[in-house]
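Enquirer: Pasting a structure here, questions to come.
Each value in this text was obtained by applying a stated rule to the coordinates, not by laboratory testing. No experiment lies behind these values; they were computed from the predicted model shown. Quick reminder, even Gly has a Cβ in these numbers, built from the backbone with ideal geometry, and neighbours come from all protein chains shown.
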Amino acid sequence: MTVTIARLYDDYTTAARAAGELERVGLPHTEISVVANNSEGWYDESRPSSRIDRDHDGVDDRAEGAAKGGGIGAAIGGAAGLLAGLGMLAIPGLGPVVAAGWLVSTAVVAAAGGAAGGIIGALSQSGVSEKDAHVYAEGVRRGGALVTARVPDADQARYEAILDRSAVNIRDRAALYQQSGWTRFDPNAAPYTPDEVRGERELYRR
């Protein structure tokens with residue numbers, strides 16, 4: 001029997017590293033999914049030689065990471081099975097995202113069925129509480145990245161410990177959102193601009 005676990009991260013690099021660690025300890029990439037905000041345009045499908053280019057230097061970050069022995073290159077290298085399938089997708093309320101894995105197809109089906117933004121329905125159908133799903137979706141909207149994994153229930157604690165190492169505390173993050181009047185994810189809300197995403201990240205650092 002499997003259970004679904006999900007964690008929010010402040011950026012794609014951190015999420016990719018977490019997903020890579022799941023693969024390294026034996027979880028098949030078919031059981032992992034990543035959905036990351038791309039409002040800043042760090043992923044460019046039109047440039048195959050630099051598709052993962054967060055520093056906008058025209059060089060694939062995977063190659064840079066391999067040369068340096070770490071960073072995003074190592075993270076992606078460790079999760080090549082999953083992250084080799086990255087692609088662009090537009091989800092209502094989230095705007096442009098980069099996504100890979102099983103949750104993506106579930107979200108598309110959920111959206112076609114009228115579920116909120118697709119992502120809420122996909123998470124809820126997979127066993128994530130609706131309350132948490134709204135926080136996860138809002139986190140991606142504000143510049144974050146979501147990792148979800150379907151894991152054997154007997155190994156749930158072990159996989160959660162891996163994802164928890166650098167994940168956002170969603171209770172604290174929800175409280176922060178609520179301070180500005182937020183109550184739930186709105187698929188009709190305007191996506192965050194690059195400047196708004198950078199402002200959010202600065203707020204979290206403070």
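Enquirer: Conditions: (1) buried (at least 21 other Cβ atoms within 10 Å of the Cβ); (2) of a type in the set (Lys, Arg); (3) touching an Asp or Glu at 6+ places or on another chain (Cβ under 7 Å). ARG150 meets all but one. Number of the miss?
Expert: Only one criterion is unmet by ARG150, namely (1).
Enquirer: For the stretch 129-149, give me each residue that is within 15 Å of the chain's Cα centre (by Cα), more than 15 Å from THR14 (Cα to Cα) and not in a helix (DSSP H, G or I).
Expert: Answer for the stretch 129-149, where residues must be within 15 Å of the chain's Cα centre (by Cα), more than 15 Å from THR14 (Cα to Cα) and not in a helix (DSSP H, G or I): ARG142, ALA149.
Enquirer: May I ask you to list the residues in the stretch 158-197 that are assigned to a helix (DSSP H, G or I) and touching a residue at least 40 places away in the same chain (Cβ under 8 Å)?
Expert: If the condition is that a residue be assigned to a helix (DSSP H, G or I) and touching a residue at least 40 places away in the same chain (Cβ under 8 Å), then ARG158, TYR159, GLU160, ILE162, LEU163, ASP164, ILE170, ARG173, TYR177, PRO194, GLU196, VAL197 are the ones that fit.
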